[in-house]
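Notes to accompany the following structure.
The values are calculated or read from the model by the stated rules, or taken from the named source; none is laboratory data. Just so we're clear, the structure is a prediction, and the values are computed from it rather than from any experiment. Neighbour counts are summed over all protein chains in view; Cβ atoms, including those assigned to glycine, are modelled from backbone coordinates with ideal geometry. We work out accessible area using only protein heavy atoms, side chains counted, and drop any ligands, DNA or RNA first. Shrake-Rupley method; radii C 1.70, N 1.55, O 1.52, S 1.80 Å.
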Amino acid sequence: MNITIIGMLLALLLVLVPLYFFHYFKVPLIRSTIISTVRMVVQMSLIGLYLEFLFNYNNWLVNVLWFVLMVLVASFTAVNRTRLRMRQMLMPIAVGLGVGALVVCMFALFVVLRLSNPFDARYFIPIVGILLGNMLGVNVLSLSTYYQGLQRERQLYFYLLGNGATRLEALTPFIRQAIEKAFVPCIANMAVMGLVSFPGTMIGQILGGSTPDTAVRYQILISCITFCAPMLSLIVTLYLGHRYSFDKHGCLLNVLKTD
């Protein structure tokens, strides 16, 4: 079942409901909501046209270049949201996102779906898009927690080093805290999936004509890969980022923006 242009315009009328209550209670979110809604419509319309081109052209090199562009955009966004310094942390975050998305995507397409061409645009582009979207949110939260915790409690870090701990052992409490804060919501969402909430991927497939059984299997796949990829990305980012975050004596460098 297709949604007509008139149907989409009617759907956009729903945005007026929260706008009314923003106005009624004088919540200063009206302007940002309108701007975000307009941007969403324009960006999704453009990406729809571009994906139509990608799916029809279906060239592996173009698909890979699009993946690289997505990784770069996500990396710049992650650096800005975590308030880390671009010069020091852009490369570790970009490599972490790229490695995490590509490894997990290839496993899903090669091993699980058994595609002969894993770079088929109809599968490759949506899956890396889902992965990068989830990885961005988890990595922003975990990296912010990690570096802010290190800066706030650096005395604990030096205390552990002074008592004979290795660099990894001294950093483990901060890594543990970052992982826990970022992944607890993910685990909670998985626990209630199918009982309290129906995921968007599953609903979209059912509305698109897939059987519930097929939709459930794809949703389980999506849930597994979006849980694995952020962890892999975070570990790679932290591993690479340490050489830019500490000096040769193990002291934390100024990687957080102060302004």
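Annotation: residue 126 fulfils all but one of (1) assigned to a helix (DSSP H, G or I); (2) touching a helix residue (DSSP H, G or I) at 6+ places or on another chain (Cβ under 8 Å); the unmet one is (2). Can you confirm whether residue 107 is open to solvent by 80 Å² or more (accessible area, probe 1.4 Å), touching a residue at least 40 places away in the same chain (Cβ under 8 Å) and out of contact with any helix residue (DSSP H, G or I) (no Cβ under 7 Å at 6 or more places or on another chain)? The answer is yes for residue 107. Flag: residue 6 does not match the condition of being within 30 Å of residue 94 (Cβ to Cβ) and either of a type in the set (A, V, I, L, M, F, W, C) or outside any helix (DSSP H, G or I) (or both).
Within the stretch 137-158, residues that are over 13 Å from residue 183 (Cα atoms) and of a type in the set (Asp, Glu) have Cβ atoms under 8 Å from residues that are open to solvent by less than 60 Å² (accessible area, probe 1.4 Å) and part of a helix (DSSP H, G or I) in these pairs: 153/174, counting only partners at least 6 apart in sequence or on another chain. Residues of the stretch 17-27 include at least one that is outside any helix (DSSP H, G or I), open to solvent by 90 Å² or more (accessible area, probe 1.4 Å), free of Cβ contacts under 8 Å to residues at least 24 places away in the same chain and of a type in the set (D, E, K, R). I'd like the residue in the stretch 198-236 that is over 21 Å from the mean Cα position of the chain (by Cα) and of a type in the set (A, V, I, L, M, F, W, C) and, out of all such residues, is surrounded by the fewest Cβ atoms within 10 Å (Cβ to Cβ). Of everything passing the filter in the stretch 198-236, 207 is surrounded by the fewest Cβ atoms within 10 Å (Cβ to Cβ).
Have a look at 58, 2 and point out the one that is at pLDDT below 90 and touching an Asp or Glu at 6+ places or on another chain (Cβ under 8 Å). Going through 58, 2 in turn, just one is at pLDDT below 90 and touching an Asp or Glu at 6+ places or on another chain (Cβ under 8 Å): 58.
Residues in the stretch 28-39 that are open to solvent by less than 90 Å² (accessible area, probe 1.4 Å), out of contact with any Leu (no Cβ under 7 Å at 6 or more places or on another chain) and not hydroxyl-bearing (Ser, Thr, Tyr): 29, 34, 35, 38.
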